[in-house]
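Asker: I am attaching a structure below and will ask some questions about it afterwards.
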Amino acid sequence: MQYACKEQPSSLGSVDEFDQNWQERKEAKYNHWVRGSVQNQVQLAFRNHWTLFKKILEGRSVRNCLEVGGGRGSLSSYFADHGVNCTLLDTSASILETAEQIFKANGHTASYIEGNAMDMPFEDNSFDVVASIGLLEHFEDIKTPIHEQIRVLRPGGTFFGYIVPERPDNVQKNYNWINKVLKFFANTLTSTENKPPPKTDIFRSDFGSERYLPVLEGQPVENIEVCGMYPLPMVSHSPEFPFSLLPKPLEWLLARIFSFVLWCRKIIFAKCLYQGHPWTCKEEFGQAFLLTFTKK
Ligand SMILES: C[S@@+](CC[C@H](N)C(=O)[O-])C[C@H]1O[C@@H](n2cnc3c(N)ncnc32)[C@H](O)[C@@H]1O
């Protein structure tokens, strides 16, 4: 593993809390990349992130990709599988080791860099794609990490910010009762000695795109687009980060049901979906939203 650390600025982005979760929780080992049909809700989500991003990237040259706050590199796995040179940057050495194991097991390669999104150890204009998936909502200061990602993006390169704000009124709101019932059964059926350590609390902002767009003013970017993403509920007995999966047959069934819902969305809403993709929706409705642009 290659570690190229600069002097770290003050720790932001719930760095310690993430690291603790990555070290203690079995969920850290989940492999969210799969080549064939998806087997669970998270694989379904990453598959759809990827097919949307691939559509946006059509006709653009992509030789290398940086995932900032890469974690297990689930999105990067798709890029790596398509022959793109991937770099994962994360503050957690523990999750970078896990990512390396997952990449090896999947037959992929990448560079694994321990570093901070606030001050990354890369030259200006280095990457064709810079992506942060589930990172920016963990910062109160979004300006520094966004400007830093623009700095390392090459002119003509594409930025993807997949942002999951704290938003109690999105698609999830009608399904929280299901998760409460599942949580009750999971707690009742798990004996005290088998209970996993509690998940650490992670800071999450409620900033929508209206807080992100002003940060781009004066920056060398164009073709700025925002759309809602993930128009489905997450069904889990433990839906907080890191998302816990249900038993395999249930996950398999949910993945099939949700795939069918997406197929229906594509047919019914084809004309009003961003890029015609059923994983997109109104920003307020989705679990997340996408901020994408190219560098001038
Ligand atoms: C919600 S996880 C997302 C991981 C991965 N992108 C994914 O899609 O599964 C956020 C990741 O950002 C990392 N992180 C948090 N603050 C960071 C910072 N200041 N610099 C770099 N990585 C950071 C965490 O360690 C964690 O792995």
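Asker: With r defined as the distance between the Cβ atoms of Asn194 and Trp252 and R0 fixed at 35 Å, what FRET efficiency is calculated, to the nearest 0.05?
Answerer: The calculated FRET efficiency here is 0.90.
Asker: Of the peptides 133-139, 172-178, how do they stack up when ordered by the mean number of other Cβ atoms within 10 Å, highest first?
Answerer: 133-139, 172-178
Asker: Also, I was wondering about something else. Let me know the volume per residue of the alpha-carbon convex hull for the stretch 144-192, in Å³.
Answerer: Spread over its residues, the Cα hull of the stretch 144-192 gives 168 Å³ apiece.
Asker: Lysines within cross-link reach of Lys195: Cα-Cα under 16 Å, excluding same-chain residues under 8 positions apart?
Answerer: Correct list for Lys195: Lys26, Lys183.
Asker: What is the gain in length, in nm to one decimal, between Glu240 and Arg63 on full extension, counting 0.36 nm per residue of separation less the C-alpha to C-alpha distance?
Answerer: 60.3 nm
Asker: If you stretched the chain out fully between Asp81 and Gln219, how much longer would it get, using 0.36 nm times the residue separation minus the C-alpha to C-alpha distance?
Answerer: 46.5 nm
Asker: Also, I was wondering about something else. Holding the Cα-Cα limit at 19 Å, pick out from Lys173/Lys282; Lys199/Lys282; Lys54/Lys143; Lys55/Lys271; Lys29/Lys248; Lys29/Lys199 the pairs that are longer than that.
Answerer: Too far apart for the 19 Å limit: Lys199/Lys282; Lys54/Lys143.
Asker: Rounded to a whole number, what is D in µm²/s for the stretch 54-177 from Stokes-Einstein with the Kirkwood radius over alpha-carbon pairs (10 °C, 1.306 mPa s)?
Answerer: Taking Rh from Cα pairs, D becomes 105 µm²/s.
Asker: Kirkwood hydrodynamic radius, the stretch 201-268, all distinct C-alpha pairs: what's the number in Å?
Answerer: With all distinct Cα pairs of the stretch 201-268 included, I get 15.7 Å.
Asker: Then there's this: Would you work out the Kirkwood radius for the chain? I mean one over the mean of 1/r across all pairs of different Cα atoms, in Å.
Answerer: Evaluated over the chain, this radius sits at 19.6 Å.
Asker: Using alpha carbon coordinates only, what is the Rg to Rh ratio of the stretch 133-248, with Rh defined as the Kirkwood radius?
Answerer: Ratio of gyration radius to Kirkwood radius: 1.07.
Asker: How many angstrom lie between the C-alpha centres of the stretch 17-46 and the stretch 181-202?
Answerer: 18 Å
Asker: Order of 58-65, 39-46 by packing, highest average Cβ count within 10 Å first?
Answerer: Most protected by this proxy first, the peptides run 39-46, 58-65.
Asker: Among DSSP beta bridges lying fully in the stretch 15-295, give the percent that are antiparallel, nearest 5.
Answerer: Approximately 45 percent, going by the DSSP bridge assignments.
Asker: Another question about this same structure. Find out how many positive minus negative residues lie around Val84, taking Lys and Arg as positive, Asp and Glu as negative, among other residues whose Cβ is under 9 Å from that of Val84.
Answerer: -1
Asker: Express in nm, to one decimal, how much length is gained between Glu140 and Lys26 on full extension, taking 0.36 nm for each residue of separation and deducting their alpha carbon distance.
Answerer: 38.2 nm
Asker: Taking the stretch 19-103 as the region of interest, what is the percent of Cα-Cα pairs per 5 angstrom bin, listed from the shortest bin to the one with the maximum distance?
Answerer: 3, 15, 23, 25, 19, 11, 4, 1, 0
No lab work stands behind these numbers, since they all come straight from the coordinates. Note that the structure is predicted; figures quoted are calculated from it, not measured. Note that each Cβ is placed from the backbone with ideal geometry, even for glycine, and that neighbours are counted across all protein chains shown.
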